[in-house]
1. What does the charge dipole of chain A about its Cα centre add up to, to the nearest 20 debye, if the Cβ of each Lys and Arg holds +1 and the Cβ of each Asp and Glu holds -1?
2. Calculate the length of the line joining the C-alpha centroid of segment B:242-267 to that of segment A:259-281, in whole Å.
3. If Rh is defined by the Kirkwood formula over all Cα pairs and Rg also comes from Cα, what ratio Rg/Rh do you get for segment A:171-292?
4. Springs between alpha-carbon pairs under 10 angstrom, Gaussian network model over chain B: which of B:224, B:20, B:151 fluctuates most?
5. Work out the FRET efficiency for residue A:21 and residue A:58 from their Cβ-Cβ distance, taking R0 = 30 Å, and round it to the nearest 0.05.
6. With a length cut of 24 Å (Cα positions projected on each helix's long axis) and a Kyte-Doolittle mean of at least -0.5, go through chain A and give me the DSSP H helices that pass.
7. So how many Å³ per residue does the convex hull of the Cα atoms of chain B work out to?
8. Relative contact order (percent) for chain A, with alpha-carbon contacts under 8 angstrom and 6 or more residues of separation?
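Please treat every number below as a calculation from the coordinates, not as lab data. On a predicted model such as this, the values are computed, not experimentally measured, just so you know. Virtual Cβ from ideal backbone geometry, glycine too; neighbours counted across all protein chains shown.
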Amino acid sequence: MTKSDRRTALLFFSPAAVFMLLFFVYPMFLLIRDSLFDSKSGMQFVGAENYSRALTSDRFYQSLYNTVVFVLGAVTLELVIGLILALLLSTGFKGNHFVRTLFLSPLMIAPLVCGLIWKFMLNDQFGILNSLLYRAGLIDSPQSILWLSDSKYALLSCMLADVWLTTPFMMLILLAGIQGISGSLYEAAHIDGAGRSQRFWHITLPSLRPVIVVAVLIRMIDAARSFDIIWVLTQGGPGFSSSVLSTMIYNTMARYNQTGYSSALAVLFMIALLSVCGFFMMRLWNPNKKAA
Amino acid sequence: MSAFAGRKLTLGSALILVLTGLFVIAFLFPYVYLVMTSLKPPSEVISSSPTLFPSVFTFDNFRKMFEVLPIGKYFGNSFFTAIFSTIISVFLGSLAAYGLSRFSSRLGNLFLLLTLAVRMVPLISVAIPMYRIINQLGIYDTKLALILVYTSINIPFVIWMMIGFFDGLPKELDESARVDGCSRFGAFMRIILPISLPGLATTSIFSYMLSWNDFLMALMMTSTSAKTLPVGLSEFLTAYNLDLGPMTAAAVTFSFPVMVFSFLIQRYIVSGMTMGAVKE
């Protein structure tokens with residue numbers, strides 16, 4: 001590559017780079033700097049105090065635990081339901097394209113609107129979910145499950161809304177993956193006398209592995225970052241029963257105005273997420289290891 | 001071709017249809033219920049034994065929604081910020097993606113890694129310092145602030161989408177344009193961009209959705225004059241009067257156009273969603 005080529009390349013990506021530097025790299029720098037100061041006493045340098053406060057706080061561990069539970073619970077459910085849906089649609093019954101289009105619709109709904117819908121459906125006075133359960137004879141009265149105000153169910157309710165919103169994404173990715181599997185593999189297995197479940201375990205699932213890894217990784221990152229749904233449904237409550245890292249950081253910042261402490265929490269959250277992603281990508285996505 | 005195709009209507013395939021039907025009902029129900037509720041008379045919305053269909057169809061909730069909320073203004077703010085951030089980020093992002101696709105350099109690779117890392121950073125972490133920067137610039141609660149924020153969030157996404165498209169275009173295209181007297185930039189504008197129109201369309205749709213659906217950034221960067229519809233909607237929850245009827249109407253107003261649009265262009269959405277995640 002000549003020198004002038006290098007200069008042109010620089011010209012092409014510098015406008016975007018300037019944007020990213022100003023609104024991503026610089027903010028990150030600010031975030032780390034802020035985390036070392038106490039915002040209450042007029043920006044006094046406190047070193048790692050905010051971090052030690054976070055790492056000794058029960059609330060932080062509770063939120064971290066809730067985040068992990070939320071991510072694992074929601075993504076597992078999404079993977080299982082998404083896989084079932086993808087398998088159903090891949091049978092290629094009449095009208096499967098139309099059904100696929102129907103399933104796509106939740107994908108375009110804003111997480112906030114999804115939160116509102118579920119807030120309404122799970123309402124303990126006029127929510128339709130309890131009403132349906134009551135009419136089906138599964139619960140004793142229409143008010144017996146306080147989905148959002150009972151600390152036992154709050155986080156589960158948030159997961160439910162997240163599963164509804166994003167399972168179609170999982171289904172779509174998996175369906176595309178299934179359709180990419182060569183039909184000759186199935187024919188060969190069929191000739192060898194493999195049954196339906198054998199074909200699933202020995203062909204579909206292994207061939208889907210890389211697609212599943214990518215889809216799960218994308219969904220895990222997004223579920224860990226999610227804020228809107230949980231904020232709308234419970235604001236992290238009751239108590240701290242559904243507090244995740246996002247809502248905890250937001251509360252610390254917006255309600256208690258503790259810039260320093262919330263920045264430290266945000267840095268810890270970022271480090272946690274990046275290391276989990278890094279681990280996954282090294283272990284599962286590394287093409288060199290695939291042969292092994 | 002699919003795995004189990006070519007079978008007659010047996011017990012198995014009947015089971016498949018029934019299962020699929022149940023899932024369809026379960027997944028469509030919440031949104032259908034929202035739309036139906038928005039068409040109920042306001043008193044029926046807060047009934048303790050709710051029904052799916054309204055006893056009479058009425059637009060009362062939609063009428064009331066304008067009294068509770070300056071919905072036209074919020075809708076306008078949402079639209080304006082989403083469209084401008086999309087235009088800027090798609091242009092700058094494609095420019096960068098083209099540069100990165102055609103010339104490989106160490107700096108470029110570093111930049112590419114940065115855009116990937118951005119995808120993994122929790123938005124709330126960026127939101128805190130962004131809020132301070134926006135304040136320092138003196139543009140808090142302006143549409144400009146939201147446009148800048150959305151553009152910077154969308155750029156990495158656009159780069160990743162477009163790089164795949166540009167990599168798929170043969171380099172001879174650029175070269176022949178240059179032989180014909182185009183500059184590098186001219187070749188990009190006149191040859192590459194027009195050919196990439198399908199990719200640009202898909203990317204723009206997603207970029208638009210990212211801004212349109214955002215709640216967190218708008219919540220932090222606006223208070224009154226630049227407030228977007230999601231933030232306005234969220235206030236139905238904190239308000240003392242739980243105005244659920246107008247809330248459902250506003251939620252439908254916000255999401256319905258997008259739903260209809262996404263139905264019309266679902267082919268592009270499928271290709272955009274599966275891009276990157278599924279490779280042969």
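1. Details: 21 positive and 14 negative charges, 144 e Å.
Charge dipole, chain A, about its Cα centre: 700 debye, nearest 20.
2. Using only Cα atoms to place each centre, the spacing works out to 34 Å.
3. For segment A:171-292, the value is 1.19.
4. Fluctuation is largest for B:20.
5. 0.20
6. Span-like helices, by this rule, are A:3-20, A:58-90, A:154-179, A:205-225, A:259-284.
7. Per residue, the Cα convex hull of chain B comes to 201 Å³.
8. On the way: 294 pairs, mean separation 85.7, N = 292.
Normalised by residue count, the contact order of chain A is 29 percent.
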